Amino acid sequence: MSASIPATLAPSENSEEAGFDAARHEAFGQRVVGMLNDASLTFMLSIGHRTGLLDAMRRLDRPAATHEIADEAGLEERYVREWLGALVTGRVVEYCPETRTYSLPAEHAAWLTRAATPNNMAGVMQFMAMFGKIEDHVHDCFQNGGGVPYERFERFHEIMAEESFQTVVAALDDYVLPLVDGLVESLERGIDAVDVGCGRGLALMHMAGRFPKSNFVGYDFSNEAIEWANDEAARRGLSNIRFEVRDAAKLDDQGRFDVVFAFDAIHDQIDPHAMLAGISRALKNDGLFLAQDIRSSSHLEKNLEHPVAPFLYTISTMHCMTVSLAHAGCGLGTCWGEELALKMLKEAGFHDVVVHTLEHDIMNNYYVCRKQ
Ligand SMILES: C[S@@+](CC[C@H](N)C(=O)[O-])C[C@H]1O[C@@H](n2cnc3c(N)ncnc32)[C@H](O)[C@@H]1O
């Protein structure tokens, strides 16, 4: 297979047109070629994460030949060698032609390996590979409307749990829970808490382990995620937690919980208004709703300087918006934004909302919400 890539970035046939900026044309051409290379590396890093190759190179921690790296990872040498070709030319791995050895610099390993958690960006690259698998369906939606339902996304809950382990679980004790004065103390004394849209429930399991006097329940509409979560909670011997298959738009709890959590679970809802109203009803009058959701503005022009805006709009097109539209939902989109979030929270009865950001987390806002 080959692709059509211009041999030179010479002026195009449009270059004679009035107002056509040749320098801008060339600079953008360079950028587009860069996009192709970097997009290619996302797939290679995803493979490197899944196969354990990046971890194997970190473990070796020295220049090694292809067969040594393949042996360390337990993989086929020919594939490993080709993969290394991409990573060497992509300046991720270093190559010594004299000894024919490859090494992963420690500074790169600190962003690309499991040992680097919560900074392991190679795990995040798996989203790109996942999106590639559903491109045909999304292409169809561009033409015919509708959306791609959750069930079509293979490995979604596995990849999501890995990602949120880094952003949420790893930050819970030191950053997230301390955002609310007295929350840790209440959890220590013993309260009732629910996580809506909990996925595999790792955040809740972490809290259940740390706060044995509190009771935790996790809701998600994915059978697969809830089954995994209940098995894992049992494996960990947690008796103060359970997970239930529930549609977040149909919560029927009344004044039952002291705390409701929603980690990255509002913007892709089919009916986020109903979800927020249900959460408000499910809370005791003096209860707390702590929601983590994507940090962005509701206005496109204000997201221009957002460090990962293209990634967010891509995730939205390929997942968050389409899973909602698949069920004729409102399709808020990943960048629904703080302005709209505050409006919707108020409409749901949260009259006291404080927005927090965490220095290490460029992706999320943390909404601390109370009804009174
Ligand atoms: C982006 S994932 C976040 C999962 C989890 N909170 C985490 O941080 O890993 C959103 C979750 O919301 C769940 N979800 C989406 N719509 C739902 C609905 N209507 N009712 C219950 N769960 C829903 C999905 O199954 C998914 O697990």
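Can you name the residue in the range 318-339 that is within 12 Å of the ligand (Cβ to nearest atom) and open to solvent by less than 30 Å² (accessible area, probe 1.4 Å) and is also farthest from Asp293 (Cα to Cα) among such residues?
Of everything passing the filter in the range 318-339, Gly329 is farthest from Asp293 (Cα to Cα).
When the residues of the range 200-225 are narrowed to those that are part of a loop (DSSP other than H, G, I, E, B) and open to solvent by 30 Å² or more (accessible area, probe 1.4 Å), which ends up farthest from Glu185 (Cα to Cα)?
Phe221
From the list Val176, Val184, which residue is more than 16 Å from the ligand (Cβ to nearest atom) and not in a strand (DSSP E or B)? First the steps, then the outcome.
Values: Val176 fails: more than 16 Å from the ligand (Cβ to nearest atom).
One residue alone meets the criteria, Val184.
Which members of the range 245-259 meet the condition of being within 12 Å of the ligand (Cβ to nearest atom) and in a strand (DSSP E or B)?
Val245
If we keep just the residues of the range 226-235 that are more than 13 Å from Ala248 (Cβ to Cβ) and open to solvent by less than 20 Å² (accessible area, probe 1.4 Å), which is farthest from the ligand (Cβ to nearest atom)? Show your work before the answer.
The first filter runs over the range 226-235 and keeps only residues more than 13 Å from Ala248 (Cβ to Cβ), leaving 227-235.
Right, trim to open to solvent by less than 20 Å² (accessible area, probe 1.4 Å) and you get 229, 233.
Values: Ala229: 10, Ala233: 15 Å.
Here the residue is Ala233.
State yes or no: is Ala262 touching a residue at least 40 places away in the same chain (Cβ under 8 Å) and assigned to a strand (DSSP E or B)?
yes
For the range 240-259, enumerate the residues that are farther than 8 Å from Gly278 by Cβ and open to solvent by 50 Å² or more (accessible area, probe 1.4 Å).
Answer for the range 240-259, where residues must be farther than 8 Å from Gly278 by Cβ and open to solvent by 50 Å² or more (accessible area, probe 1.4 Å): Arg242, Val245, Arg246, Asp247, Gln254, Arg256.
Kindly indicate the residue of the range 114-155 that is of a type in the set (D, E, K, R) and either more than 15 Å from the ligand (Cβ to nearest atom) or in a helix (DSSP H, G or I) (or both) and also nearest to Asp220 (Cα to Cα) among those meeting that condition. Spell out the reasoning first.
First, pick out the residues of the range 114-155 that are of a type in the set (D, E, K, R): 114, 133, 135-136, 140, 151-152, 154-155.
From what is left, the residues that are either more than 15 Å from the ligand (Cβ to nearest atom) or in a helix (DSSP H, G or I) (or both) are 114, 133, 135-136, 140, 151-152.
Values: Arg114: 27, Lys133: 24, Glu135: 25, Asp136: 27, Asp140: 28, Glu151: 13, Arg152: 17 Å.
Checked the range 114-155; the qualifying residue nearest to Asp220 (Cα to Cα) is Glu151.
Six or more apart or on different chains, Cβ atoms under 7 Å: show the pairs whose first residue is in the range 135-155 and assigned by TED's automatic domain parsing to the domain that holds Ile270 and over 19 Å from Ile270 (Cα atoms) and whose second is part of a helix (DSSP H, G or I) and open to solvent by 100 Å² or more (accessible area, probe 1.4 Å).
Here the result reads Glu154/Lys133, each pair linking the range 135-155 to a residue that is part of a helix (DSSP H, G or I) and open to solvent by 100 Å² or more (accessible area, probe 1.4 Å).
The values are calculated or read from the model by the stated rules, or taken from the named source; none is laboratory data. Being a predicted model, the structure only gives us computed values, none of them experimental. A quick note on method: Cβ atoms are made from the backbone with ideal geometry, for glycine too, and the neighbour counts reach across all protein chains shown. Areas reflect the complete protein model, heavy atoms only, side chains present, ligands, DNA and RNA absent. Shrake-Rupley method; radii C 1.70, N 1.55, O 1.52, S 1.80 Å.
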